[in-house]
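A short worksheet on the structure shown next.
Just so you know, all these numbers are worked out from the coordinates, no wet-lab data involved. As the structure is a prediction and not an experimental result, all values here were calculated from the model. Glycine gets a Cβ as well: all are built from the backbone with ideal geometry, and neighbour counts include every protein chain shown.
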Amino acid sequence: MSLAEHQSLASIFVRAIVMLAMGLGLSGCFQPLYGPLSAGGDVAGTLQAIAVNPIPGRIGHYLGNDLIFAFNGTGAQVPAKYYLTVLVIETVQTPLLDTVTGYPSAATVILNADYKLVPVGGGEPVAAGRVTTLASYDRTSQRFANLRAARDAGIRAAETLAEQIRTRIAAALAARG
C-alpha cells in the first residue's frame with residue numbers, strides 16, 4: 001500500500017470517529033415522538049382524544065375516515081379534548097397529451113388540505129397548517145376506467161394527506177409537552 005492510500009484510509013477513519021462523536025453528543029437533544037410527555041400522558045393517548053369534524057365531499061369522506069383511524073385505530077371511546085377541522089381542495093391536471101388523438105394520456109390528482117386543531121373549550125389553535133400531496137394515474141379511451149382510476153388516485157392521495165396531518169399534529173403535541 002502506498003503512502004497516499006494510507007493517508008486516505010486514515011482520513012476516512014478520522015472522519016468516521018468525528019461523526020460518531022458528534023452523533024453521541026447530540027443524542028440527548030432528541031425526544032421520541034411517541035414517548036411520554038412532560039405534562040404527563042403520552043402523544044398516542046392525546047391523539048385518541050381528537051374529534052375529526054365532518055369534511056365535505058367524496059375525498060373529505062375518505063380523508064375523515066383515514067384521520068379517525070390514524071388517531072384512534074383502537075376504536076376506544078375517549079372524550080374529545082381537541083377538534084380537528086380540515087378543508088380540502090382537489091384539482092386535476094393532465095400534463096401528458098396523446099399526439100395522435102389530442103386526449104390526455106395521464107392525469108394527476110392534487111390535494112391541498114388546510115387543517116386546524118383547537119381545544120374543545122376554544123382558544124388558540126394547537127396546530128395549523130397546509131399539506132399537499134398528489135397521485136398520478138393513466139387515462140385510456142374507456143370512460144369508466146378513467147373515472148375509477150381518478151377515484152383510486154384520490155383515495156391514495158387522501159391516505160397520504162391523513163398520514164401527513166397525523167405526523168404534524170403529533171409533532172406539535174409532543175413539542176407542547
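Numerical summary
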quantity: Cα→Cβ-extended label distance, 7 Å offset, between Asn65 and Glu163, nm; calculated: 1.8
quantity: For region 41-145, with +1 on Lys and Arg beta carbons and -1 on Asp and Glu, the positive-most of Asn53, Thr132, Gln93 along the dipole; calculated: Asn53
